[in-house]
1. Would you list, by chain and number, the aspartates and glutamates whose Cα falls below 18 Å from the Cα of K143, excluding same-chain residues fewer than 8 positions away?
2. Can you tell me what percent of all Cα-Cα pairs in the range 40-150 are more than 24 Å apart?
3. Shape verdict for the chain, please, from the Cα gyration tensor: rounded (a/c under 1.5), prolate (a/b greater than b/c) or oblate.
4. Rounded, prolate or oblate, given the Cα gyration tensor of the range 98-220, with a/c below 1.5 counting as rounded?
5. Quick check: Cα centre of the range 120-180 to Cα centre of the range 32-100, how many Å?
6. Which one, V100, P233, A32, projects farthest toward the positive side of the charge dipole computed for the chain from Cβ point charges (K/R +1, D/E -1)?
7. Would you mind working out the accessible area per residue for the chain, using a 1.4 Å probe, and quoting it in Å²?
8. Could you tell me, in Å, what Rg and Dmax come out for the Cα atoms of the range 148-198?
Amino acid sequence: MTAVPSTSAATPALELRDVSLLLGDGDETVTALDSVNLRVEPGKLVAIVGPSGSGKSSLLAVAGGLAKPTSGTALVGGTDLGTASKREVAEVRRTRIGYVFQSGNLVPALTARDQLRLPLTFGRVADPRDPAELLAEVGMSHKVDRRPHQLSGGERQRVGIARALMTRPALLLVDEPTAALDRQRSQEVVALLADESHRHGVATVMVTHDQEVLHHCDEVYEMIDGRLAAVSPSPV
Ligand code: ADP
Ligand code: MG
């Protein structure tokens, strides 16, 4: 048997083994994911490109414990999200996974500093980052007291990325982070994701439509009709 989770240093941050996900009910069933295999090692920025409706967000939902695979296995740091209890999945989500959304998803009333404190309010975090230090790291130390409406799109994404890193997650899931940004800001935001991944050993999975940011990424996959294939480095 090979299904026993390993706790060795070689454990990937995320591993999808033959994951399929059927959505909908009865005759309206859609195969959102079709036998997907993916391993993401610590410190790597992995991009997933593909047309709208191809299953990219579904992959992030399974990786983030929001949807259980219909078949196959989804492991985060060796924990099987398909068989873990609701409580265990919630704990993995809270402490080991960070999320970055399309337009930052910031809370309108909170300053940048307080956005970063938010992930620490849902339960104990063993070794949180320091909000001021992290905001400096993403180039936002001069705007810690600004609220989202006082920030540009690129700045909101920087705060969103910093917020996702507060708990020192092993896995960062990023859905279309540059969709609302111009070219220059898109380059900066993805360069920042690459830098944070490499610097802190975070495994990052980024879904994107944007071909121009792929040179920042360590590995590129393409999703078509729920099937995932490696684009670069070339599959062996
Ligand atoms: P992408 O992020 O690449 O645009 P999604 O993962 O959102 O693609 O969607 C993959 C497929 O699953 C699409 O055909 C979409 O219409 C379908 N889908 C997504 N969510 C649901 C749902 N809750 N119920 C039924 N079908 C869904
Ligand atoms: Mg999507």
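1. Correct list for K143: D114, D130, E133, E155, E188.
2. 40 percent
3. Prolate, because a/c is 1.5 or more and a/b exceeds b/c.
4. Oblate, since a/c reaches 1.5 and b/c is not below a/b.
5. Between the Cα centre of the range 120-180 and that of the range 32-100, the gap is 21 Å.
6. V100
7. 49 Å²
8. Reported Rg and Dmax, both Å: 10.8, 31.
The values are calculated or read from the model by the stated rules, or taken from the named source; none is laboratory data. Computed from a prediction, not measured in an experiment: that's the story for all the values here. For neighbour counting, all protein chains shown are included, and Cβ atoms are generated from backbone atoms with ideal geometry for every residue, glycine included. Just the protein is used for accessible areas: all its heavy atoms, side chains included, with ligands, DNA and RNA removed. Shrake-Rupley method; radii C 1.70, N 1.55, O 1.52, S 1.80 Å.
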